[in-house]
Amino acid sequence: MTFDTLLYDVHDHIGMITLNRPDRLNAMTASMLHELQVAFAQARDDAGVRAVVLTGAGRGFCAGADLAAASESMASATTPFSYSQFLQATYNPLVLLMRSLPKPIIAGVNGVAAGAGMSLALACDYRLVVESASFTQAFVKIALVPDSGSTWFLPRLIGTTRALELMLTGRRITAQEALDWGMVNQVVPDGQFSTTLSNLAAQFAAAPTHTVGLIKQAVEFALDSTLEAALAKEAELQDIAGASADHQEGVVAFLQKRPAVFSGQ
Ligand code: LHQ
């Protein structure tokens, strides 16, 4: 499938998704949301892809929902627009698809991430951010509730006090503040962003992909479980990881005092 609102490119086992509406800071339209689902599903189903990168073209990562497009479609709708139906049909399945992807997703936050654009960054597994980027829970500024998973991700990542502060004020925080709060993994000077992102993606693409998927599954499960259930889940998933070719390779490589070469299996 060819994409109109994003670029999707696979190289060196990396599936690179670039939001591509730079003059709108990559604000999301219904077709971009559909294309994102297609691209993530393609990355999931392609055995050659071992890491996924989500980034933005131009000076923004993603400004959230395209408010101009949203108000146009509301104005032209023949029946009353339902936010709930729209979210359930577009953003929600996308976020669930990302969270269940059995491969690591790196957000390459190249600029501002606002509203649902910030939610998408939070739905990724690792956030590499340029120093000049910023984050805003812009929803409150247009009298909307945070959506696309922000209410779930943000308190878990930075605690309720700070999550509510961001949600209630819509204050734009810097990359450094996001790092200090544990909301992102790494902040780099703008000039080093693309090289660092490529190196990081290559590192994830060389990881034991199947086990990485199991780690994601284990943590997702543990977030909403008792200790007892989490321990049982770890044991169940360890059976699967323990039977993998990459586990064997990891142990042999350790004993032979050489770096492991993982196949992803
Ligand atoms: C935009 C947008 C944008 C369109 C910048 N839309 N054009 C789900 C369900 C359904 C509907 C509603 O929402 C949702 C979920 C949500 O995501 S709600 C939250 C939606 N997002 C926002 O409210 C953020 C709005 N944008 C901003 O606050 C600022 O643009 C930020 C803080 C992102 C960046 O500020 P600046 O760096 O100063 O850039 P700018 O404001 O000058 O924007 C550059 C251009 O991009 C500008 O167009 P222009 O023609 O004047 O150059 C903006 O109009 C356009 N743009 N965000 N969301």
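Read-outs: derived from the displayed coordinates by stated rules, not from any lab. All values derive from a computational prediction rather than experimental measurement. Here the Cβ is made from the backbone with ideal geometry for all residues, glycine too, and neighbour counts use every protein chain on show.
Values for this structure:
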quantity	calculated
Vicinal HN-Hα couplings computed from phi for the stretch 89-94 (Karplus, 6.51 cos²θ - 1.76 cosθ + 1.60; Hz; Gly/Pro x)	8, 10, 5, 4, x, 5
Sorted peptide list for 108-116, 184-192, criterion being average Cβ within 10 angstrom, highest first	108-116, 184-192
Residue with peak Gaussian network fluctuation, the chain [Cα springs, cutoff 10 Å], from MET16, MET74, MET183	MET74
Phi-based couplings in Hz for the stretch 123-140 (Karplus 6.51, -1.76, 1.60; Gly and Pro marked x)	6, 7, 8, 8, 10, 9, 10, 6, 3, 7, 6, 8, 10, 9, 7, 5, 3, 4
Shape of the stretch 194-242, Cα gyration tensor, a/c cut at 1.5	oblate
Among 135-145, 121-131, the order from most to least packed when residues are scored by Cβ within 10 Å on average	121-131, 135-145
Bins of 5 Å from zero: percent of alpha-carbon pairs in the stretch 6-205	1, 8, 17, 22, 21, 17, 9, 4, 1, 0
Cβ-based net charge around TRP181, under 11 Å, with every Lys or Arg adding one and every Asp or Glu removing one	-2
5 angstrom amide H check on GLY60, placed H, neighbours 5+ away	none
Total formal charge among the other residues, if their Cβ is under 14 angstrom from that of GLN137, Lys/Arg +1 and Asp/Glu -1	+1
Along principal axes, Cα extents of the stretch 1-110, largest first, whole Å	46, 28, 23
Neighbourhood net charge (13 Å Cβ-Cβ; Lys/Arg +1, Asp/Glu -1) for HIS13	-1
DSSP bridge orientation in the chain - percent antiparallel, rounded to nearest 5	25
Among the listed pairs LYS216/LYS257; LYS103/LYS233; LYS141/LYS216, those beyond 30 Å (Cα-Cα)	LYS141/LYS216
Residue among LEU144, LEU94, ALA41 farthest towards the positive dipole end of the stretch 1-159, charges placed on Cβ	LEU144
Against the rule of thumb 2.2 N^0.38 Å, how large the Cα Rg of the stretch 148-265 comes out	1.38
Value of relative contact order over the chain, rounded to a whole percent, pairs C-alpha under 8 Å and six or more apart	17
